[in-house]
Amino acid sequence: MRDHPFLRQLAVSTAVGLGIYAACAAVIVIAEIVHRRDMSVYRTRNALNDLAYAVFYKCSIYNVMAAPFFGVVVARLQFFRVGLLTRMPAGLSLIVCWVAADFLHYWIHRLQHAAAPLWAFHSVHHAQTRLTFLSANRIHALEELTTGTIMIVPALVLGLPQRLWLPLLLLQLFSETAQHARLSWSFGPLHRLLVSPAFHAVHHSTDAREYNGNYGRVLSLWDLLFGTFVRPTTSARSYGVAGMDVPERLGAQFVHPFRMLFRDSGS
């Protein structure tokens with residue numbers, strides 16, 4: 001069988017991504033054990049479903065399914081390919097890409113809460129009532145597809161050199177994994193700059209005063225600048241979406257947004 005460049009690159013990127021994710025997960029699990037968290041939550045249907053999402057995304061099943069779509073779209077948008085970051089020093093281009101991407105994700109996240117069609121799909125992520133580090137993977141496939149499509153043009157304009165993908169992936173994976181962990185880390189004086197587990201837990205609260213804030217993905221700075229910063233407290237909170245009961249079944253979670261949109265269209 002002739003070696004296919006796409007499959008070879010996919011296999012390498014999947015292996016690297018899985019290795020980084022496994023290392024991040026190990027750090028989080030050890031920290032939760034040290035802090036005496038109840039580890040039995042990982043035997044619940046909630047966590048097992050989140051693990052299934054992790055396999056779907058981290059093992060590149062989604063990437064294989066979405067590749068034809070993105071291949072066509074990217075080919076038609078090549079006139080946006082500027083590659084601004086390729087003209088910068090490596091360190092500077094990494095920082096600019098990180099900040100620019102995080103800024104865009106902040107506003108995409110706010111839009112997902114403000115626009116009813118986008119919220120229907122994003123609500124699957126918020127429906128989790130037993131938050132763990134695995135919950136970062138509970139993303140509806142069409143939400144992932146929509147976000148990826150929105151990011152195509154900025155990615156072409158910026159054009160992060162491939163050699164810098166690894167440090168960016170490491171930062172992104174650790175941040176997203178840690179912020180969903182059952183830890184009270186607030187990052188001390190850096191809490192106004194970086195998203196911490198304590199900061200992001202507020203965003204998963206059932207209290208509207210809390211979940212309508214703290215939209216930052218890696219940088220909490222955006223919430224501070226745009227008035228959506230909600231200070232974490234030590235008081236206990238419940239997670240999920242009040243009045244929304246999404247069954248802990250993968251099929252039910254997939255159809256939930258469509259049922260929600262159909263119901264809203266008839267009201």
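For this structure, a couple of remarks:
- Of the residues R209, R217, R45, ranked by 1.4 Å probe accessible area with the largest first, the sequence reads R209, R45, R217.
- Ordered by 1.4 Å accessible area with all protein chains kept, I139, I30 run largest first as I30, I139.
- The angle between the Cα long axis of helix 45-58 and the longest principal axis of the Cα atoms of the chain comes to about 10 degrees, rounded to the nearest 10.
- Net dipole in debye of the chain [+1 Lys, Arg Cβ; -1 Asp, Glu Cβ; about Cα centre; nearest 20]: 240
- Virtual spin-label span in nm between R45 and A115, 7 Å along Cα→Cβ: 3.3
- Per residue, the chain exposes 53 Å² of solvent-accessible protein surface, assessed with a 1.4 angstrom probe and all protein chains in place.
- Residues L168, L111, sorted by accessible area with the largest first, give L111, L168 [1.4 Å probe; ligands and nucleic acids excluded].
- Accessible area per residue was computed with a 1.4 Å probe on protein heavy atoms; I95 scores about 90 Å².
- For T132, the solvent-accessible surface with a 1.4 Å probe is about 0 Å², rounded to the nearest 10.
- Taking all protein chains as shown and a probe of 1.4 angstrom, S265 keeps an accessible surface of around 90 Å².
The values are calculated or read from the model by the stated rules, or taken from the named source; none is laboratory data. Please read all numbers here as calculations on a predicted model, not as lab measurements. Here Cβ is always computed from backbone atoms with ideal geometry, including for glycine, and neighbour counts include all displayed protein chains. When the accessible area is computed, the model is the full protein with side chains, heavy atoms only, and any ligands, DNA or RNA have been set aside. Shrake-Rupley method; radii C 1.70, N 1.55, O 1.52, S 1.80 Å.
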